[in-house]
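The values are calculated or read from the model by the stated rules, or taken from the named source; none is laboratory data. The structure presented is a predicted model; accordingly, all values stated were derived computationally and were not measured. Because the Cβ atoms are built from the backbone with ideal geometry, glycine has one as well, and the counts that use them run over all protein chains shown.
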Amino acid sequence: MKTSVFGAVHLGYLVIETQRFSDWARFGTDAIGMHRDDLGSGVMRFRLDDQECRFLLRRGPAEDVVATGWHIDDHASFEQIEARIRAHGVPVVRGSAEEAELRGVERLLRFPGPKGITQEIYTTPLKSAEPLLMVSSGWVTGDAGLGHVAITSTKPERLRGYFDTVFDARLTDFIDETISGVKLKVRFLRVNERHHSIAVAAVRGLPIDPVRTRVQHLNIQADSLDDLARSYQRVHELGFDMALSVGQHTNDKELSYYARTPSGFEWEVGWNPIVVDESTWEPATHQGISIWGHTPVGQTIIDKLDQFRLGARSLTRPEKTVPALSGAPGPGRRR
């Protein structure tokens, strides 16, 4: 019988490829309020806590998230995940000492992931002795991990199967939403006590993907409501685009806003989401993403037309999947 690694997996860091280093420096440090370390002309890191790296930015053309790093609690779970991937015939590459050092981790492995986002696992995050220098008072990480990543997909069942196969991800709930006449279904997956570490959104009835980037948004959790409000104000004052105003989600009850990053995907800053109680939780379907708020900011009809153009273009562009790791979820697990 397969031993579950659920609970031993935590979203640890993200790797972003960009040419817009000066914009990202202002966005991450001055607007969002993270600690920044400049490691040279082509490398920059952001910290949220005592771990050396939560976001690694490297110079390149993608303007997107290119890798997701998962902290695995112990060597036994790490080796079990590695064995699963190899057993399915999927290549696993050991990260070099230099790559591990840039990410501030030990024992680094990488393997292919959905939508071309490389998945990386590691066992030990390195701690920094340098004090945090940031305008925010703090961020919530710990056992719940960094936050979450949201992905749009034309093949949501394959993403659901992938994260079940690799990490024993559990379905937390669904949201049904209609935006500009387009019906969406969003699946929320958890790998620990955080309500979700992965969200997968799909257009119902149409195999289109209206988002240019591999991720639609990523999320980090503010330590206080005051931190949330002040970062929202800084994003406005510094001239960065706001995607959605402050609002509250229906499912995890998180209060949040969405800013647009220099690379084009969105960055959600949230506060006070519920924590899942594994002994009582049952998946449910919620109608609408928000109880209140989260209204589009400055969106024009041109922006909406551009989204539909991107969606139409995705019909001719096959979505990258990893079929060998995207099988059916385990017994009793809903899609």
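Note on the range 238-282: residues that are in contact (Cβ under 8 Å) with a residue 60 or more places away in the chain and on the phi > 0 side of the Ramachandran plot amount to 1.
Listed by first and then second residue, the pairs linking a residue in the range 122-142 that is without any contact (Cβ under 8 Å) to a residue 24 or more places away in the chain and under 25 Å from residue 270 (Cβ atoms) to a residue that is surrounded by 13 or more Cβ atoms within 10 Å (Cβ to Cβ) and among the β-branched types (Val, Ile, Thr), with Cβ atoms under 8 Å apart and 6 or more places separating them unless they lie on different chains, form an empty list.
Residues that are more than 14 Å from the chain's Cα centre (by Cα), within 23 Å of residue 285 (Cα to Cα) and not in a loop (DSSP other than H, G, I, E, B) do not occur anywhere in the range 206-219. Here is the figure for the range 51-63: residues that are in a strand (DSSP E or B), among the basic types (Lys, Arg) and touching a Leu at 6+ places or on another chain (Cβ under 9 Å) total 1.
Counting only residues that are surrounded by 13 or more Cβ atoms within 10 Å (Cβ to Cβ), closer than 19 Å to residue 326 by Cα and touching a residue at least 40 places away in the same chain (Cβ under 8 Å), how many does the range 70-99 have? Matching residues across the range 70-99 total 7. The residues in the range 245-254 that are assigned to a strand (DSSP E or B) and over 17 Å from the mean Cα position of the chain (by Cα) can be counted, and the count is 4. Is one or more of the residues making up the range 280-300 closer than 25 Å to residue 157 by Cα and at pLDDT below 60? Within the range 280-300 (the criterion being closer than 25 Å to residue 157 by Cα and at pLDDT below 60), the answer is no, since none of the residues qualifies. When restricted to residues that are crowded, with 21+ Cβ neighbours inside 10 Å and farther than 18 Å from residue 195 by Cβ, the range 244-262 contains 4. If you scan the range 38-52, which residues turn out to be more than 20 Å from the chain's Cα centre (by Cα) and without any contact (Cβ under 8 Å) to a residue 24 or more places away in the chain? If the condition is that a residue be more than 20 Å from the chain's Cα centre (by Cα) and without any contact (Cβ under 8 Å) to a residue 24 or more places away in the chain, then 38, 40, 41, 42 are the ones that fit.
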